[in-house]
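Below is one structure, written out as structure tokens, with a few remarks after it.
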Amino acid sequence: MSHPHQPTTQTRRSRRAFLRLLTGSAAVLVAACATLPRDPKAANPSAALPPPAPPQAAQPRPAVEVAPPPVQVVATAPAPPSTATPVPPTPTVPTVTPIPPTATPVPPTATPLATDVYDPARLKDKLGVAVTSYAGSIPERAWNVELAAKRLNGTKVAPGELFSFNQAVGPTTLSAGYRIGYGITMNNGRPDTVPSVAGGICQVATTVFQAAYWAGLPFEERHYHLYWIARYGVAPSGKTGFDATVDDPGVDLKFRNTTADWIRLDSWVDGENVGFTIYGVDPGWQVETIGPKIFGVVKTSQAVVRQEDYTMPPGRELWVEHAEDGFSVSVTRLVKLNDQVVDRYDFTNRYLPSRNVLLVGAVPHARAEASRTPDADPSPGRDAEASPTADASSSPTADASSSPTPTPSQPTPAPPSVGSAPPPAQPTPPPRLVPAKANGGLRPVVAKP
């Protein structure tokens, strides 16, 4: 009989099997531990402790399997935090495609230049005013003066443009409505007065010249008469030497509009006077005149020259020229802006002596040529007084007696006859000569005072 505490055979076998199993497992464990890397800090347990610092991310440890044969699993460690300065995101800027300029820039239409368009409401300032008298003129001359003035009324000149008297007044012919007056021409070295179509329109040109003179506008062409006509020197707009003669073609009166806006010429007549006013926008100019200075006076004869005219009815008499001394006159005009001279205009006129000429109607010779009607633009001059009286007070000489005012036998003469023929012996006078503007030389022109 066995002892109750003595193990049986079966028990001993189970113990031996357990011990063998335990011994094998220990061997496997020792072998596995031998493959792990040695930590130098293992000998110093205190060194293995982490320093008092911010916690670091835990490093993964390799996983080990005991059985079957170990399979090493490699785990990817997380990337350490970057120490580079973070770059802020670039804002998205919308892309703008530039529009290339056009070949011809178009100005804005909202604010056009005011002077591009004529507007009479802007032209309220009187830049220049002039008045001359044609009282006492024969009916034909008075008609021509009034017709030319009316055709110039309302003439507009844009900024920078050139005014031309001949272009603005139009044709000065019989077909254009003008009548035969008297003009001046040169005959045998002295002035002579002869019938002329549109005789008298030079008074209109003279009045326009005076208005433009006082407006301060610069002249580009201007001619004076062969002899001085006293009525053109009457104040307030007239002075000795303030005249202008015209004829188309070849002799013109031209000035330029140098203001910043349009100008307009307004005219008026009342049966005795003709006037012009130049309207515009006041540029602030001051007009000063130096002179007139008169020199080189040549005394004239006071004798009356009776000249037969076969175009006039027999017995009719008409004063067509009045005695005036010859002389030279110089004038200077200064145009100032804020006391600074912006334009200077100098001119010198040289007038020949004139005579007292009385036309007398005469009976044509028995062998007179067939009647002839003057053409639309005859060669004689178009400028003569053809009036019974003249104002001697504006003569360049101080002695009024040297410029008489003869009285015609017929205060209101009848219009000259056009159909009567001159005698064969009377030659056609040559064209009138006046000093040229540039060099003072003489050249043929036609004038119609």
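The values are calculated or read from the model by the stated rules, or taken from the named source; none is laboratory data. From a predicted model like this one, the values you see are computed outputs, not experimental measurements. Note that we place each Cβ from the backbone using ideal geometry, even for glycine, and neighbour counts take in every protein chain shown. Only protein heavy atoms, including side chains, enter the accessible area calculation; ligands, DNA and RNA are left aside. Shrake-Rupley method; radii C 1.70, N 1.55, O 1.52, S 1.80 Å.
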Exercise for review: Using θ = phi - 60° and the Karplus relation 6.51 cos²θ - 1.76 cosθ + 1.60, list the HN-Hα couplings for the range 223-240 in order, rounded to whole Hz, with x at every Gly or Pro.
Suggested key: 10, 9, 6, 5, 10, 6, 10, 4, 4, 7, x, 7, 5, x, 8, x, 9, 4
**Study point:** Difference of contour (0.36 nm per residue) and Cα-Cα distance, residue 254 to residue 190
**Key:** 20.2 nm
Exercise for review: Treat each spin label as a single point 7 Å out from the Cα along the C-beta direction, and report the residue 342 to residue 234 distance in nm.
Suggested key: 3.3 nm
Exercise for review: Ignoring everything but the protein chains, give the 1.4 Å probe accessible area of residue 21 in square angstrom, nearest 10.
Suggested key: 120 Å²
Point to revise | Cα-Cα separations in the range 192-312 greater than 18 Å, expressed as whole percent | key: 62 percent
Revision key, fill the gap. Hull surface over four for the Cα convex hull of the range 122-182, reported in nm², is 5.5 nm²
Practice item. Apply the Karplus parameterisation 6.51 cos²θ - 1.76 cosθ + 1.60, with θ equal to phi minus 60°, to every residue of the range 278-295 and state each ³J(HN,Hα) to the nearest whole Hz, in sequence, with x for glycine and proline. Key: 9, 9, x, 10, 4, x, x, 7, 10, 9, 10, 10, 10, x, x, 10, 9, 8
Study note, to complete from the structure: Once both label points are put 7 Å beyond Cα along the C-beta direction, the residue 308-residue 220 separation in nm becomes 4.9 nm
Check your understanding: What figure in square angstrom, to the nearest 10, would you give for the accessible area of residue 290 with a 1.4 Å probe?
Key -> 80 Å²
**Study point:** In order through the range 137-145: 3J(HN,Hα) via Karplus (6.51 cos²θ - 1.76 cosθ + 1.60), integer Hz, x for Gly, Pro
**Key:** 5, 5, x, 5, 5, 4, 4, 5, 4
Practice item. Express in nm, to one decimal, how much length is gained between residue 20 and residue 290 on full extension, taking 0.36 nm for each residue of separation and deducting their alpha carbon distance. Key: 82.2 nm
Review point. For 272, 221, 288, 321, what's the largest-to-smallest order of accessible area, 1.4 Å probe?
Key: 272, 288, 221, 321
Check your understanding: Taking 0.36 nm per intervening residue step and subtracting the Cα-Cα distance, what contour gain separates residue 13 from residue 282 on full extension?
Key -> 82.6 nm
Check your understanding: Just the Cα atoms of the range 120-266, one point each, no solvent: what log10 I(q)/I(0) does Debye give at q = 0.09, 0.19 Å⁻¹?
Key -> -0.28, -1.21
